[in-house]
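To start, the structure itself, in structure tokens.
Read-outs throughout are calculated quantities, based only on the coordinates presented, and are distinct from any laboratory measurement. All of these numbers come straight from a predicted model, not from anything done at the bench. No Cβ is skipped: glycine too gets one built from the backbone with ideal geometry, and neighbour counts run over all protein chains shown.
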């Protein structure tokens, strides 16, 4: 397999990302004492940073890997929403499909001290999008869908992804055999019937299949169950330090991790689905796409905070 050739084709691909857009807020500092008011560390703040999360980070990964990306999602009418839009535009992501709604922009704030996460707090409204906004989103998807090489659905259970939305996308894309990849969430597995690929972690795969994954035997049973249940072409189970397992109709491939250091797994799933999708539409077989995604994940988990991989880093990883 010529990985260099596949990766060189990323620049010609245009991916539509649909899902929950999130602003990742990091507060960095150091801890040297415990608070006299309560048994908690006192973090002396040294800096703050704002990064893209959720579907926004998937789009960011696509662009970082050399492709083009457009994102469809919902945003709040607030300062966080303005900041999120500015970062997306700076990264070169097409934001025409972002709809503003009367709800707060989803923000995840993480306090990091000495490369360790101390606490995280979230601001969000998780009610499903409906009414005029949903109708507007569906109409927009219908008008632009076939301008893209593939669709990635990034489900973070923040209200954007509903069964109606997925059903509509699958119905429109199926006649053209368009590649649809989904990063799933517990409780939503019934939504994903008919998609091309889902990329659950072990916990999500256990929940979605109703089979507790404890060993290789139960892993095989769960993966095959998801394939059958969702009528999808492939299931990629991400297994942390144990790598990945790719389930296809008559084949299972186990791919060991290539990560040498693991500092932070935040956003690694976004990288996996981005690299896998780009590779697939660039001519890679499913197994080859999984290997490429595995190398991309190994790059981002070696950094603290939400990170992305570049084509140069990816080629370097293979070297």
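Listed values, structure above:
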| read-out | value |
| --- | --- |
| Ranked 254, 295, criterion: other C-beta atoms within 10 Å, fewest first | 254, 295 |
| Relative contact order %, segment 100-181, counting alpha carbon pairs below 8 Å whose residues are six or more apart | 27 percent |
| Choice from 229, 193, 132 showing the highest fluctuation, given a GNM over the chain with Cα pairs closer than 10 Å | 132 |
| Kirkwood hydrodynamic radius of the chain, Cα pairs, Å | 20.0 Å |
| For segment 129-168, diffusion coefficient by Stokes-Einstein and Kirkwood Rh (Cα), 25 °C, 0.890 mPa s, µm²/s | 223 µm²/s |
| Gaussian network model of the chain, springs between alpha carbon atoms under 10 Å - residue of 250, 210, 75 with greatest fluctuation | 250 |
| For segment 175-319, projected area of the alpha-carbon convex hull averaged over all directions, nm² | 8.6 nm² |
| Cα radius of gyration and Dmax for segment 266-316 (Å) | 10.3, 32 |
| Distance between modelled label sites at residue 35 and residue 89, nm, 7 Å Cα→Cβ extension | 3.8 nm |
| Least to most buried among 239, 123, 214 (fewest other Cβ within 10 Å first) | 214, 123, 239 |
| The chain, relative contact order in percent, only Cα pairs under 8 angstrom and at least six apart counted | 18 percent |
| At 1.567 mPa s and 4 °C, Stokes D of segment 24-155 from Kirkwood alpha-carbon radius, µm² per second | 77 µm²/s |
| Of 291, 195, 118, the one that fluctuates the most in a GNM where the chain has Cα springs shorter than 10 Å | 118 |
| Taking the convex hull of Cα positions in segment 116-239, its mean projected area over all directions (nm²) | 9.5 nm² |
| Contour excess over end-to-end distance, with Cα ends at residue 115 and residue 287 and 0.36 nm allotted per residue | 58.5 nm |
| Two-site label geometry, residue 1 and residue 50: point separation in nm, points 7 Å out along Cα→Cβ | 3.9 nm |
| Antiparallel DSSP beta bridges within segment 103-229, as percent of all bridges there, nearest 5 | 50 percent |
| Label point distance in nm, residue 135-residue 210, each placed 7 Å from Cα along Cα→Cβ | 3.7 nm |
| 122, 78 arranged by Cβ crowding within 10 Å, fewest neighbours leading | 122, 78 |
